[in-house]
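The values are calculated or read from the model by the stated rules, or taken from the named source; none is laboratory data. Computed from a predicted model, the values in this text were never measured in an experiment. Glycine gets a Cβ as well: all are built from the backbone with ideal geometry, and neighbour counts include every protein chain shown. In case anyone asks, the SASA skips ligands and DNA or RNA and just uses the protein heavy atoms, side chains included. Shrake-Rupley method; radii C 1.70, N 1.55, O 1.52, S 1.80 Å.
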Amino acid sequence: MKGVIYHGIHDISVEELPAPQPTANDLVLKVMRNGICGSDLHAYNLGGDEIGILKGGALGHEFVGEVAEVGANVQGIHPGDHVFVNPSRAKGSTSQLAMAGGLSQLNLIKDAVLNDNVFLLPSDLSFDRAVVIEPYAVGIHGKNIVHPTPEQSFCIFGAGPVGLASASGLLQQGITQVAVVDIDEQRLAFAKRLGAHVINSAKTDLTAALKDLFGTGTGLMGDERIGVDTYIDCVGLPSFMTDFIAQAKFGAKFVVVALGAEPVTFKPQFLAMNEISLIGSAIYTATDIQEAIANVAQPDNLFPNIVSAHYPLADSEQAFQRANTDKTALKVVIDVND
């Protein structure tokens, strides 16, 4: 079989690899589709050590496929089943998340357990739609971590795949007070198609726009503040967090999904005075995955339309270059097997 191996910055290659040798507790997946993630591009551009993509590692973690072989001890999963694999548990350790082998034609899933690291897909759900489940689950976890309810309001920073996933997840559960902030008009247009309010922060005063949409709240000292209940950061700019601390109403929450690399400086006293919260959001749970699958399976859900381009496995390097340079491409997918 063939697979994509990471060798360093701007250095990946499609190589001949040995076929997997499963134990009685494993399964072998015929990977059909794999999306290129921002973490893949981080390794491609800057090096992968700090995010767990090591030289010689098998790339790919946004993947779906068809079960090719099942170990004797695996229950509830059969050859021919269409499945999503949780990449953080595909190899037995979360440290292998970013090297889960989604860009390998055949992929060994260790200690396969239904609804733990392997999830059945509806038989009529195409792989082209299902390939977005992994980033969708990341965005869904970002909103689920604050237990959203219909009366709450949300501001999402970033109209990339994960920000759009958070917005879609909220809208799909009937929450309508959702605003997406970005500076790219094409991405904001997609967010608007999903049903979100949109704000171009390069053209509009963000504070004023949020107050127009969601009203105002107050701080402990009675000062006027923005009326948003929860902010979900899928960009990672320090200014978003510092502005939140300076302007968020009493009790507001800020969910950190983006892996921002720049330090953030603020006075902790303002966290205490207004009882505002900074909350980290790491990957997803089985419940988030099941919600993502259910949402993708809805024919009228537009989120799977984030897929902008497909490339065959042999053209993986061109696919990475496209994902890396074409900012109009929300999600580039590699067709690992036809």
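Applying 1/(1 + (r/R0)^6) with R0 = 30 Å to the Cβ-Cβ distance of Leu278 and Gln21 gives a FRET efficiency near 0.10.
Ranking Gly47, Leu302, Gly219 by how far each Cα lies toward the positive end of the dipole of the chain (charges on Cβ) leaves Gly219 at the top. Taking the alpha-carbon distance from Lys91 and a cut-off under 21 Å, which lysines remain once sequence neighbours fewer than 8 residues away in the same chain are dropped? List returned: Lys2, Lys30, Lys55, Lys110.
Annotation: the antiparallel percentage among DSSP beta bridges lying fully within the chain is about 55. Surface analysis of the range 1-97 yields an accessible area of 42 Å² per residue, using protein heavy atoms and a 1.4 Å probe. In the complete set of protein chains, residue-level accessible area for Cys155 is approximately 0 Å², probe 1.4 angstrom. Once all protein chains are placed together, Val257 keeps about 20 Å² accessible to a 1.4 angstrom probe. Let me make sure I get this right: for the chain, a, b and c are the square roots of the gyration tensor eigenvalues over alpha carbons, sorted descending. Under 1.5 in a/c it's rounded, otherwise prolate if a/b > b/c, else oblate. Which is it? Cα axes put the chain in the prolate bin. Taking amide H as placed 1.01 Å from N in the peptide plane, Leu114 has its amide H under 5 Å from the amide H of Gln75, each at least 5 places away in sequence or on another chain. Mean separation of Cα pairs under 8 Å and 6 or more residues apart, divided by the residue count, gives the chain a relative contact order of 17 percent.
Across the range 118-133, computed HN-Hα scalar couplings (Karplus, 6.51 cos²θ - 1.76 cosθ + 1.60, θ = phi - 60°) run 10, 10, 5, 9, x, 5, 9, 8, 5, 5, 5, 7, 5, 4, 8, 4 Hz from first to last residue, x flagging Gly and Pro.
Under 5 Å from the amide H of Val180 lie the amide H atoms of Ile156, His197, Val198, Ile199, each residue being 5 or more positions distant or on a separate chain, with H modelled from the backbone and absent for Pro and chain starts.
Classified by the C-alpha gyration tensor, the range 163-225 has an oblate form. Its axis ratio a/c, with a ≥ b ≥ c, is 1.5 or above, and a/b does not exceed b/c. Under the shape rule built on the C-alpha gyration tensor, where the axes satisfy a ≥ b ≥ c, the range 124-217 is oblate, since a/c reaches at least 1.5 while a/b does not exceed b/c. Once both labels are positioned 7 Å from their Cα atoms along Cα-to-Cβ, the gap between Leu259 and Ser201 label points is 2.1 nm. The residues of the range 223-316 expose on average 46 square angstrom of accessible surface per residue, using a 1.4 Å probe on protein heavy atoms.
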